[in-house]
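The values are calculated or read from the model by the stated rules, or taken from the named source; none is laboratory data. Computed from a predicted structure; not experimentally measured. Counting neighbours? That spans all protein chains shown, and the Cβs are built from the backbone with ideal geometry, glycine included.
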Amino acid sequence: DCYNEGFLWNFHDNTTRRRTFNVLYYHVFSDTGTFSPTLIVRADNGCEDTISKIIRVLRPDASFITNMDEGCTSGLTVRFTKTSTDTLPVTWEWNFGDNTFDLSSSPSVQHTYTSELPRIYPACLTVKDIYGCRNSSCMPISLDEPDVSFKADKNFICTGEQVNFSALYDSFDSFEWDFGDGSASTVSHSHVYSSPGSFDVTLSAVKNGCLNSLQRTHYIQAEKADATYTVSDSTLDCYPATVSFTHTGGSQVAEGIWTFAPGVQSAGYRRTYQYTYSRPGIYQTSLWVRTPNNCQATRSKTITVEGPYATFEFEPSFICYGDPVSFHITSSENVSEMRWLFGDGETSTDQSPVHNYKAKGIVYPSLWVKNNTCEATLTFDPLYISLVTSAFDFPDSRSSFCQFEEIQISNQSTGYQDVTWI
């Protein structure tokens, strides 16, 4: 009797021979071609037998070509054509990678891709022969568009200021900027906004035949500082006269300063101010404003104040009771009539009068002037009039004293600052 010492398999496919005692054995061929699997059976007495069979290992050819493999997201039509030379009957299944399929077993099909964003689709062909063998091959189909993301070097500007725009990632075959204020450019990436407002900016670009656009709404905020103002009257026939100033500009104001006369400015900003002019002259007024975005503007107006005017002086300014005071006009303009008001109820129409004050105290001399449209009273520095009287007395009004007697003397003077006994 012979006893089985196992089965020795040799598949002739560059794999190691295998010995097994199982009646059933499984083997996977990793290459295609014609092979001769061989089984050697040996008994314990040295008897053996060998058998070989010819088999073909098949894999259908799933190769294919396309007329194009990249295009624009707006739409790309691709024709797929099988290039296999298999002679065995096969079926073809096309998977275009965008959840659409063609199961018509046609060796040449056409498909259109669209997408809102750039994408790569894996287009695949799966073939199956009459023996049930399957194979697949895939090819990427790319949909692209220019990346038109962009930025500006500033978003909040003052009118007249230049803004520089730049694309963030891509370079283009051609481009066009729409700056939102009625201006566009296919050459420059910079723009000057001359009017205030909120502007939408759009970049349209073409790259490799693909067009894409991006609009950023309210992207540029252009602000204009407006210092326009009105005055209640710019030509005044007489004084004192009060003028109302009103800021009528439409811009927001973070800071502002009014100037009413040389060296005379407001402490801060108010939309409306009043200022009283106390003498004639030509005054340059102005308003300066600054907006929250640091835009600045200045406007100016001229205020003309007319009327008679004169300056005068008197000397001395400190006098004793009974001393004469001389008054002199040092300058005059548009004066047809004048009158001195000495402050004690007395007046004079002389050009340079001399006046004696009959009471002590402080008086305020003034000059009344007039022309054909206006009259005014001009008051200047006060005049100080002093009355000094010297007086003293002895106790009990005595007039006789003993030799070496200490005498008490009472100073009864008035209007004095210091006393000297002699």
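Tabulated data for the structure shown
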| quantity | calculated |
| --- | --- |
| Which listed residue, of LEU117, LEU125, LEU39, is surrounded by fewer than 17 Cβ atoms within 10 Å (Cβ to Cβ) and assigned to a strand (DSSP E or B) | LEU39 |
| Members of the range 207-234 found to be in contact (Cβ under 8 Å) with a residue 60 or more places away in the chain, more than 14 Å from PRO146 (Cβ to Cβ) and assigned to a strand (DSSP E or B), listed by number | ARG216, TYR219, ILE220, GLN221, ALA222, GLU223, TYR229, VAL231 |
| Which numbered condition THR259 misses (of (1) out of contact with any Asp or Glu (no Cβ under 8 Å at 6 or more places or on another chain); (2) assigned to a loop (DSSP other than H, G, I, E, B)) | (2) |
| ASN14 vs. criteria modelled with pLDDT under 85, among the polar types (S, T, N, Q), part of a loop (DSSP other than H, G, I, E, B) and surrounded by fewer than 15 Cβ atoms within 10 Å (Cβ to Cβ) | no |
| Scope the range 235-259; condition among the polar types (S, T, N, Q), within 31 Å of the chain's Cα centre (by Cα) and under 13 Å from TYR275 (Cβ atoms); matching residues | THR246, THR259 |
| Answer from VAL148, VAL163 - the residue that is among the aliphatic types (A, V, I, L, M), touching a Leu at 6+ places or on another chain (Cβ under 8 Å) and either surrounded by 18 or more Cβ atoms within 10 Å (Cβ to Cβ) or within 30 Å of THR91 (Cα to Cα) (or both) | VAL148 |
| Subset of the range 269-312 (residues that are closer than 30 Å to LYS360 by Cα, of a type outside the set (A, V, I, L, M, F, W, C) and touching an Asp or Glu at 6+ places or on another chain (Cβ under 9 Å)) | TYR309 |
| Members of the range 150-186 found to be aromatic (Phe, Trp, Tyr) and free of Cβ contacts under 8 Å to residues at least 60 places away in the same chain, listed by number | PHE165, TYR169, PHE172, PHE175, TRP177, PHE179 |
| Strands (runs of 3 or more DSSP E) fully within the range 56-96 counting 1 or more residues that are surrounded by 15 or more Cβ atoms within 10 Å (Cβ to Cβ) and under 48 Å from the mean Cα position of the chain (by Cα) | 70-72, 76-82 |
| Residue in the range 128-145 that is nearest to LEU211 (Cα to Cα), counting only those that are in a strand (DSSP E or B) and under 52 Å from the mean Cα position of the chain (by Cα) | ASP144 |
| Residue match in the range 239-262 (condition: touching a residue at least 40 places away in the same chain (Cβ under 8 Å) and among the acidic types (Asp, Glu)) | no |
| Hey, ASP86 at pLDDT below 90 and over 30 Å from SER213 (Cα atoms) or not | yes |
| The range 383-411 residues that are outside any strand (DSSP E or B), paired with ones that are of a type in the set (S, T, N, Q) (beta carbon under 7 Å, 6 or more apart) | SER390/SER413; ALA391/GLN412; ALA391/SER413; PRO395/GLN408 |
| All positions within the range 333-376 that are under 60 Å from the mean Cα position of the chain (by Cα), crowded, with 16+ Cβ neighbours inside 10 Å and among the hydroxyl-bearing types (Ser, Thr, Tyr) | SER366 |
| Residue in the range 366-376 that is in contact with a Ser or Thr (Cβ under 8 Å, 6 or more places away or on another chain), without any contact (Cβ under 8 Å) to a residue 12 or more places away in the chain and farther than 19 Å from PHE314 by Cα present | no |
| Residue that is modelled with the highest pLDDT, among those in the range 122-159 that are more than 30 Å from ARG290 (Cβ to Cβ) and of a type in the set (Val, Ile, Thr) | ILE141 |
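Listed here are the residues, each with its yes/no results for (1) more than 30 Å from ASN212 (Cα to Cα); (2) in contact with a strand residue (DSSP E or B) (Cβ under 8 Å, 6 or more places away or on another chain); (3) among the charged types (D, E, K, R).
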site: THR34; (1), (2), (3): yes, yes, no
site: LEU58; (1), (2), (3): yes, yes, no
site: ASP61; (1), (2), (3): yes, yes, yes
site: ASP69; (1), (2), (3): no, yes, yes
site: SER74; (1), (2), (3): no, yes, no
site: THR81; (1), (2), (3): yes, yes, no
site: TRP92; (1), (2), (3): yes, yes, no
site: PHE101; (1), (2), (3): no, yes, no
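Okay, residues lined up against (1) part of a strand (DSSP E or B); (2) in contact with a strand residue (DSSP E or B) (Cβ under 7 Å, 6 or more places away or on another chain):
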{"residue": "VAL325", "(1), (2)": "yes, yes"}
{"residue": "THR330", "(1), (2)": "yes, yes"}
{"residue": "TRP340", "(1), (2)": "yes, yes"}
{"residue": "SER352", "(1), (2)": "no, yes"}
{"residue": "HIS355", "(1), (2)": "yes, yes"}
{"residue": "ILE362", "(1), (2)": "yes, yes"}
{"residue": "TRP368", "(1), (2)": "yes, yes"}
{"residue": "THR373", "(1), (2)": "no, no"}
